[in-house]
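Presented below is the structure to which this report refers.
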Amino acid sequence: MANALLPPLAVPRQSPSSISALATPTLATLWGDRLPFGGMGARFGEELPRPELYARICVRDPYFALHAVTVVGDGEVTAGVPVEQETGRECSPINAAEVGRHLAILGSCAASLVNPKEGQHYYLARRARLERLHEGPLPRAPGLLRGTAKADFKERRTATAHTLLSSEEGQPLFALEVDYNVLSAAAFMRLFQGARQDMRSEPRAGREERCTSGDFAALRQNPHREPPPLCDTVRDGECLKATLNVGAELCKGHFAMHPVLPVAVVMSALSQLAGTLLGELVGNASVRYLVKHGEVRAESLAYAGETVTFGAHLHGVEGSDHRFYCWASVGERLVGVMELTLTRVG
């Protein structure tokens, strides 16, 4: 993976051009004037069983939570998308970070169908562009949403997926475009042998005794139902910083025997930090907002046992839109950067 491109925790006065260049003209019209794949809720072709998907993309439950992934074309799939987290102050049917998690996985499922190489592969998201498509505040979705994805390979080791998330009734909610680095299982093992960890040998009794919520078993079963537990939050002017100790449980399902923190969890922490900073800047900790769009670049992965430092800095304000530049690092190693625009509601 790439080395840090910025000094550790530096906040540039202008956003990096490499991030701004990621924006696409309009993800909202990705499929033109038609709904993708013959209409939302359509069921065509074969439903892929989870064991087959796990073998293709190397992600498994609980990080993988899609329902009924169905092949609907060449490199095209559809699936039911659950809403696992509370949306909190984000006024959407599902929070944007969870959108990124589910749609990036769905995109990798689509890419696996058109991978020119046979066998097991890892799909590592390296860039992503998220755009909100719905207007105004909406309540949290009561049930499954509908995700669709279409993917292709530009080169042998890189793939791109165009994805769309809609309500059960077919209302477009979010579009996400993701670029992946694609590694064979053998290549991944060579590159990330330092992350290997036998999860079965990990002691558990001590952590169980320290838990007072009574929900430790549920958390261990699916830690992705909650936002990452940030700590040591510190305010410095228009910048807010926090840290996260990466336990192996936060990496469950990503990947087996090689627990590394998912990019979506990193971006969830950054979104959480930016939302908190917005509340502090406007003097209202309960301020509600919408994620307008986000642009992400992943530079490296954080391993279980490492401590990640996160930062969010206010970059500009236009009316009710607040633009944030966010970053995550382990020591001097840059993990990822994100530009995020939050629209204040009310």
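The values are calculated or read from the model by the stated rules, or taken from the named source; none is laboratory data. Here the structure is a predicted model, which means the values were calculated and not measured. Surface areas here come from the heavy atoms of the whole protein model, side chains and all, with no ligands, DNA or RNA. Shrake-Rupley method; radii C 1.70, N 1.55, O 1.52, S 1.80 Å.
For Met267, the accessible area of its heavy atoms, probed at 1.4 Å with every protein chain present, is near 20 square angstrom.
Whole-Hz Karplus values for the stretch 177-187 come out as 10, 10, 9, 10, 8, 10, 10, 5, 4, 5, 5 Hz, taken residue by residue from phi with 6.51 cos²θ - 1.76 cosθ + 1.60 and θ = phi - 60°; glycine and proline positions read x. Annotation: amide H-H contacts under 5 Å for Ser92 (H modelled 1.01 Å from N, sequence separation of 5 or more, or interchain): Leu138. Annotation: amide H of Phe255 within the under-5 Å range of Val260, sequence separation 5 or more or interchain, hydrogens built in the peptide plane.
Across the stretch 101-109, coupling constants 3J(HN,Hα) worked out from phi with the 6.51/-1.76/1.60 Karplus curve, θ = phi - 60°, read 4, 5, 6, 5, 5, 4, x, 5, 4 Hz, and Gly and Pro carry x. Using only protein heavy atoms and a 1.4 Å probe, report how much of Val234 is accessible, in Å² to the nearest 10. Looks like 80 Å² after rounding. When the surface is traced with a 1.4 Å probe over the full set of protein chains, Asp236 keeps roughly 100 Å² accessible.
By accessible area of protein heavy atoms, probe 1.4 Å, what ranking do Tyr303, Tyr63 get, highest first?
Numbers: Tyr303 60, Tyr63 15 Å².
Largest to smallest exposure gives the sequence Tyr303, Tyr63.
What the phi angles of the stretch 319-335 give under the Karplus curve with 6.51, -1.76 and 1.60, with θ = phi - 60°, is a coupling list of x, 8, 8, 10, 9, 10, 9, 10, 8, 9, 8, 10, x, 8, 8, 6, 8 Hz, glycine and proline written as x.
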